[in-house]
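Trainee: My structure is below; once you've seen it, I'll send some questions.
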Amino acid sequence: MFLIPCPFCGPRDQSEFSYGGEAHIARPTEPEALSDEDWANFVFMRSNPKGVFAERWHHTAGCGKWFNVLRNTATDEVLASYKTGEPPPAVAGFQLATPSGEPPIGSGNDGTKVVP
Amino acid sequence: MSMQTFRRKYPTGVNGASPVTFRFNGRQYGGFAGDTLASALLANGVHMIARSFKYHRPRGILGSGSDDPAALVQVGADPARTVPNARATELEIYDGLEAFSQNCWPSLAIDVGSVNDAFGRFLPAGFYYKTFMGPPGNWMMFEGLIRRAAGLGKSPTAPDPDHYEHVNRHCDVLVIGAGPAGLTAARIAAASGARVILAEETPELGGRLLSIEPSSRTMDGQSIAEWLQDTEADLTRSPEITVLKRTCAFGYYGENWVALVESLQDHVPEHARRADLPRHRVWRVRTAQVVLATGAIERPLVFHGNDRPGIMLAGAVRTYLHRYGVLAGRTAVVFTNNDEAWTTAFDLHAAGAEVAAIVDTRDEPGPNVTAKAKSLGIEAFTSATIVETKGRRRLSHMSVMSLDENKQLTGGPRWLYADLLAVSGGWSPNVALFSQSRGRLQFDDTLQAFRPERSWQAERSAGAADGVFDFAACFASGLQAGAEAAQAAGFATDTPQAPACSVDPIDGESGIEPAWDLPSAKPPARTRAFVDLQNDVTSKDLQLAVREGYVSVEHAKRYTTLGMGTDQGKTSSLNGFGVLAGALGKPIADVGVTTFRPPFKPVPFGAVAGQHVGDHFHPRRTTPMHTWHEDQGATFEVVGDWLRARAYPRAGESFEDAVQRECIAARTQTAALDASTLGKIDIRGRDARTFLNRVYTNAWMKLAPGRCRYGLMLNEDGMVFDDGVTACISDDHFHLTTTTGGAAGVLSWMEDYLQTEWPDLDVFMTSVTEQWAVASICGPESWRVVGALLDDIDPNPDAFPFMSHRTGHIAGVPVRVFRISFTGELSYEINVPARYGLWLWQQIMDKGEPHGITPYGTEGMHLLRAETGFIIVGQDTDGTVTPYDLGMDWIVKSSADFIGRRSLTRSDTSRADRRHFVGVLTDDPAIVIAEGSQVIATAEEQDPRTPMIGHITSSYFSPTFERSIALGLIDAGRNRVGERVYIAQRDGEPIPARVTQPNFMQHFGRAT
């Protein structure tokens, strides 16, 4: 249960928000001009990186605004939040893994939670 | 009543002035206020508490707190309040407490299940896996036997009469554990003005200070008891501190969100429990900083016969002696691999017990302890191990053998007679919460245990939890952690001043040498060296797991069930890792640890549920007319969060008959439905019309004020996701309705497009679902009722055309009336401000009475709309259905883009053989098909199986056509109209039926 800094309300508990998937996927302005494949890419295909991910959140039980968050999916660390339409801010000074040290791919359940 | 013959004196924790009587296994015993069940039973000389999970071996008291693995009891016999698997070492006694041994039948002493012990070699590691994976039938054969034989306590069988609560709390510094480090941390943090919560698992502050000889130390010139009293008084004086006793931090989640469970009543005699207090309270704490002062957990040693009652942890023996004034035995042996445990021998000696010997696996124990043992005349065996223990339900004697330089047995055995064996394999910092917070551990050779290495969250460990055992260093560590935490939370602290603590030369000495799996004098087949006393996992089981290929600790744990009991391996995990490391020939650090997960200890289900039970489990929304429906004896159904009247059966009338009667009234006279639950969204702004044109599949640019239109919404994938009627109030103002269950989702979805895709549009949306109460009046006579109601609207269908709306008044109350219909019958939907809803409903019933008005519920509404072939989104559609599949081509505009439009021409969505929405009529008009039934093309069974060509989505007995009707989705169904299909039955012959178009009014020539 992490905290999400709503750009309009400030930090609030995750339970006040609902998730909206990957950010910065603009709806094509001329859908009819697209091939089936290009349209399907827009409708169905999303990236799922381990690391920094720009995603949408909706402050459902708050101001009702949609906005974007940069979250490190490996650690659940929320690195930044910004309003819809703004470019993602540059973030630095975070680790791509928790100190418990997962491997680059996978859950890390079998990895080292211990300093070797 | 038996005498407390092992009670020595009444120190701080136990109040000798307040005697308590309780019953264990039906027998009455005496103890004192402050005793746990374990300390009181030990005072009465009772060591055997339970039988083990798998082998039903006698189990005694090993520890003195939440770490104890196997001294589990059932509390009380009341079917509603009985508590299974209570730890005797934590359970506080009170007058009238009744506790029972678990997992034994017919009694603790004579237990039939203990034959499992004799057949132990047939229950090896991975027994469950092997029977599951073995020849078919093995599991079936063993299951009943295993379920009866294995297990712990019995869960309550009656509803829980107690109440529980959850509370949320924010603070600056949360200190977990009130031992020497936690107390000093909390004190300095509280003095800084920070909001502090101090959570202590036991009923007393003091931690390890309560487990040492009370006169052995002074702090700032005070005795331990005085210092603790002053510290507690000091803490309670701080305005910003909350001190929680009997409160266990059981889960450490993201961003310093920590869950605590407080026990408020379980220690109070039943007659004195307060109805105004919850039984347990869960504190959901979000804190800026955490200090983990969770102490350390002592490990037993792994040797043959190490599980007999009377074999206890050395530290626990000291706790029982000093905190509870109980001697755990008359004659003791101490068996260890470190110096610290020797103090148990010295303290027992000082308390008047006989110490038969100290057995140490090391060549050279520390000079301080060896000198003191010598001065007290206590015999010490070095380079030695215990190889066997005897005694049926309680330890009576044991044999000792020497170890050579390779730690193998040498020489002959020597027998020692003692009723108490205090064991210690060293102390492990309690890193469970630290590890839950995702900090990294490090194996510390000087401790032979894991300790915190690097934090991930805003947290720091202090005292024994950080591997600091010397008392003076513990105080300093707590002060530093408390000061740093307060400063990190933005508060200035005083200069840390640790209490001046008198020194004992043995303090902090350990000199521990690893001794994970001690050699046995028995052949391997007959050796029983237990690692996990609750789940009966032996070192042999772990070695077998390694031989069978389970080299990862996570796999070996699950294969052998090591540490998987209610104690979560508090005393056993590290010993298990040590045994595995030995079998794998690797250092423990390379073997690693299994994942620490919440909860740290069992949390009662009642506490987890909190106040969210019964009526509070889920919010229920009711309409303004709800009381009227209740008074009429309506049956209700839950739709979304709403309670809706489903039908109004009269006295002696069945639900089905009521629905038929209500529908006949709607078709022949007039009937009224409470439609207040419909989702309603008020849409305003210059671009409202443009917006609607993009979210609905049909055209909205020309809808005139005063008119209504039905619309479908699709997702971008082209699938129908909601529908409803929207009215144009004025060019920049619309009243949009959604399905009852879809209201919140539709608003959120429209906000998404408005805010993120089309922020240039000038549109504002407000949910007005609860602002309007709605009554739908339908039937050929309905216009007469509406006419009688309304002051200023001519309801005549010619003057008030279909799909239009009017604003008017009923007795001066402003209303909006919509001429729309979901039943195919003449209908009027009257919207009033919600507070007039019940009044409106009563007006309708009064004015409608001469016209035979009948209230009808949602089941009747479903039936009536099915007769006209209207869809219900979510019943006839399931997220895979396009408007074309529904045969609703007329609602798809070609003039402009809308959400989901492009998907309608994708190769898959434009297939000709997609499933179509059609009507289905059984040959036998009396048969009503079960909804969800599968439709097949032939009655004959096919090989390999009969293909399913569709399914039934709605099915009713229609009073209008006096026969059954059904709607469904069938492959290329529109091309099959008139064709024969069959409805598959689980038991019985397929039902023959024919495909029709979905509008039965038209099909049967009743179209209006």
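The values are calculated or read from the model by the stated rules, or taken from the named source; none is laboratory data. Quick caveat: nothing in here was measured; it's all calculated off a predicted structure. Positions of Cβ are backbone-derived with ideal geometry, glycine not excepted, and every protein chain shown enters the neighbour counts.
Trainee: Give the stretch B:684-724 a look and list any residue that's among the small types (Gly, Ala, Ser), out of contact with any Ser or Thr (no Cβ under 7 Å at 6 or more places or on another chain) and closer than 20 Å to B:Leu761 by Cβ, or say none.
Mentor: Of all residues in the stretch B:684-724, those among the small types (Gly, Ala, Ser) come to B:685, B:688, B:699, B:704, B:706, B:711, B:718, B:724.
Next cut, out of contact with any Ser or Thr (no Cβ under 7 Å at 6 or more places or on another chain) only: B:685, B:688, B:704.
The answer is B:Gly685, B:Ala688.
Trainee: Moving to a separate point now. Return yes or no: is B:Pro780 assigned to a loop (DSSP other than H, G, I, E, B), within 11 Å of chain A (Cβ to nearest Cβ) and surrounded by fewer than 16 Cβ atoms within 10 Å (Cβ to Cβ)? Steps first, answer last, please.
Mentor: Working: assigned to a loop (DSSP other than H, G, I, E, B): yes; within 11 Å of chain A (Cβ to nearest Cβ): no; surrounded by fewer than 16 Cβ atoms within 10 Å (Cβ to Cβ): yes.
Against the criterion (assigned to a loop (DSSP other than H, G, I, E, B), within 11 Å of chain A (Cβ to nearest Cβ) and surrounded by fewer than 16 Cβ atoms within 10 Å (Cβ to Cβ)), B:Pro780 does not qualify.
Trainee: Are any residues in the stretch B:535-552 crowded, with 24+ Cβ neighbours inside 10 Å and either under 30 Å from the mean Cα position of the chain (by Cα) or within 14 Å of chain A (Cβ to nearest Cβ) (or both), and if so, which ones?
Mentor: Selection gives B:Asn535, B:Asp536, B:Val537.
Trainee: Counting only residues that are touching a helix residue (DSSP H, G or I) at 6+ places or on another chain (Cβ under 7 Å) and more than 23 Å from A:Gly21 (Cα to Cα), how many does the stretch B:734-760 have?
Mentor: 2
Trainee: Shifting gears a bit: Step by step: first the residues of the stretch B:325-337, then only those that are outside any strand (DSSP E or B), crowded, with 23+ Cβ neighbours inside 10 Å and at pLDDT 95 or above, then the one that is nearest to the chain's Cα centre (by Cα). Which residue is that?
Mentor: Quick first cut of the stretch B:325-337, residues outside any strand (DSSP E or B) only: B:325, B:327-330, B:337.
Still in the running and crowded, with 23+ Cβ neighbours inside 10 Å: B:325, B:328-329, B:337.
Subsequent filtering for residues that are at pLDDT 95 or above retains B:328-329, B:337.
Numbers: B:Ala328: 38, B:Gly329: 41, B:Asn337: 40 Å.
So the residue we want is B:Ala328.
Trainee: For the stretch B:719-753: of the residues being of a type in the set (Asp, Glu) and more than 13 Å from chain A (Cβ to nearest Cβ), which is nearest to A:His58 (Cα to Cα)?
Mentor: Within the stretch B:719-753, the subset of a type in the set (Asp, Glu) is B:722-723, B:731-732, B:751-752.
Now restrict to residues that are more than 13 Å from chain A (Cβ to nearest Cβ): B:722-723, B:731-732.
On the way: B:Asp722: 20, B:Asp723: 23, B:Asp731: 29, B:Asp732: 26 Å.
The selected residue is B:Asp722.
Trainee: Given the conditions (1) surrounded by 19 or more Cβ atoms within 10 Å (Cβ to Cβ); (2) away from chain A (no Cβ under 14 Å), which single one is not true for B:Ala521?
Mentor: Failing condition for B:Ala521: (1).
Trainee: Still on this structure, please answer the following. Do any residues in the stretch B:257-276 that are among the small types (Gly, Ala, Ser) have Cβ atoms under 6 Å from those of residues that are crowded, with 17+ Cβ neighbours inside 10 Å and part of a loop (DSSP other than H, G, I, E, B), where the two are at least six apart or on different chains, and which pairs are they?
Mentor: Within 6 Å, the pairs are B:Ser263/B:Arg246.
Trainee: Right, here's the next one. Which pairs have Cβ atoms under 7 Å, sit 6 or more apart or on different chains, and link a residue in the stretch B:636-648 that is of a type in the set (Ser, Thr, Tyr) to one that is in a strand (DSSP E or B)?
Mentor: Between residues of the stretch B:636-648 that are of a type in the set (Ser, Thr, Tyr) and residues that are in a strand (DSSP E or B), the close pairs are B:Tyr648/B:Pro855.
Trainee: Now, a different point. Given the criteria touching a residue at least 40 places away in the same chain (Cβ under 8 Å) and more than 8 Å from every other protein chain (Cβ to nearest Cβ), does A:Asn41 qualify?
Mentor: No: the conditions fail for A:Asn41.
Trainee: Scan the helices (runs of 4 or more DSSP H) fully inside the stretch B:462-567 and keep the ones with 3 or more residues being modelled with pLDDT under 90 and on the phi < 0 side of the Ramachandran plot.
Mentor: Working: elements: B:471-488, B:539-547, B:553-560.
Because the criterion is at least 3 residues that are modelled with pLDDT under 90 and on the phi < 0 side of the Ramachandran plot, the helices (runs of 4 or more DSSP H) in the stretch B:462-567 that meet it are B:553-560.
Trainee: Taking the stated definitions as given, is A:Glu32 more than 20 Å from B:Tyr753 (Cα to Cα), within 13 Å of chain B (Cβ to nearest Cβ) and not aromatic (Phe, Trp, Tyr)?
Mentor: no
Trainee: Please tell me if B:Pro309 is within 30 Å of B:Asp517 (Cα to Cα) and either modelled with pLDDT of 95 or more or in contact with a helix residue (DSSP H, G or I) (Cβ under 9 Å, 6 or more places away or on another chain) (or both).
Mentor: For B:Pro309, the condition - within 30 Å of B:Asp517 (Cα to Cα) and either modelled with pLDDT of 95 or more or in contact with a helix residue (DSSP H, G or I) (Cβ under 9 Å, 6 or more places away or on another chain) (or both) - is met.
Trainee: Another question, if that's okay. Please indicate, with yes or no, whether at least one residue in the stretch B:341-350 is modelled with pLDDT of 95 or more, of a type in the set (Ser, Thr, Tyr) and touching a helix residue (DSSP H, G or I) at 6+ places or on another chain (Cβ under 6 Å).
Mentor: yes
Trainee: For the stretch B:605-659, how many residues are assigned to a loop (DSSP other than H, G, I, E, B) and within 25 Å of the chain's Cα centre (by Cα)? Show your work before the answer.
Mentor: Restricting attention to the stretch B:605-659, the residues satisfying the condition of being assigned to a loop (DSSP other than H, G, I, E, B) are B:610-613, B:617-620, B:622-625, B:632-634, B:640-641, B:648-654.
Then drop every residue that is not within 25 Å of the chain's Cα centre (by Cα), which leaves B:610-613, B:617-620, B:640-641.
Number satisfying all stated conditions: 10.
Trainee: Please work out which one of (1) in contact (Cβ under 8 Å) with a residue 60 or more places away in the chain; (2) assigned to a loop (DSSP other than H, G, I, E, B); (3) within 14 Å of chain A (Cβ to nearest Cβ) is the condition B:Ile929 fails and give its number.
Mentor: Of the numbered conditions (1) in contact (Cβ under 8 Å) with a residue 60 or more places away in the chain; (2) assigned to a loop (DSSP other than H, G, I, E, B); (3) within 14 Å of chain A (Cβ to nearest Cβ), the odd one out for B:Ile929 is (3).
Trainee: Could you check how many residues of the stretch B:387-446 are more than 18 Å from B:Leu313 (Cβ to Cβ), in contact with a Ser or Thr (Cβ under 8 Å, 6 or more places away or on another chain) and among the acidic types (Asp, Glu)?
Mentor: Here the count works out to 2.
Trainee: Could you please find all residues in the stretch B:570-596 being away from chain A (no Cβ under 14 Å) and among the polar types (S, T, N, Q)?
Mentor: If the condition is that a residue be away from chain A (no Cβ under 14 Å) and among the polar types (S, T, N, Q), then B:Thr571, B:Ser572, B:Asn575 are the ones that fit.
Trainee: Inside the stretch B:192-297, counting only strands (runs of 3 or more DSSP E) that do not spill past its ends, which hold 2 or more residues that are surrounded by fewer than 21 Cβ atoms within 10 Å (Cβ to Cβ), at pLDDT 95 or above and within 14 Å of chain A (Cβ to nearest Cβ)? Write out each step before concluding.
Mentor: Values: elements: B:196-199, B:241-244, B:247-253, B:257-263, B:280-292.
Where strands (runs of 3 or more DSSP E) fall fully within the stretch B:192-297 and carry at least 2 residues being surrounded by fewer than 21 Cβ atoms within 10 Å (Cβ to Cβ), at pLDDT 95 or above and within 14 Å of chain A (Cβ to nearest Cβ), they are B:280-292.
Trainee: Looking only at the stretch A:54-75, decide whether some residue is farther than 25 Å from B:Tyr253 by Cα, part of a helix (DSSP H, G or I) and within 14 Å of chain B (Cβ to nearest Cβ).
Mentor: The first filter runs over the stretch A:54-75 and keeps only residues farther than 25 Å from B:Tyr253 by Cα, leaving A:63-66.
So of that shortlist, the ones also part of a helix (DSSP H, G or I) come out as none.
No; the residues of the stretch A:54-75 include none that is farther than 25 Å from B:Tyr253 by Cα, part of a helix (DSSP H, G or I) and within 14 Å of chain B (Cβ to nearest Cβ).
Trainee: Still on this structure: Conditions: (1) under 25 Å from B:Thr571 (Cβ atoms); (2) of a type outside the set (Lys, Arg); (3) surrounded by 16 or more Cβ atoms within 10 Å (Cβ to Cβ); (4) modelled with pLDDT under 95. B:Thr131 meets all but one. Number of the miss?
Mentor: B:Thr131 satisfies every listed condition except (1).
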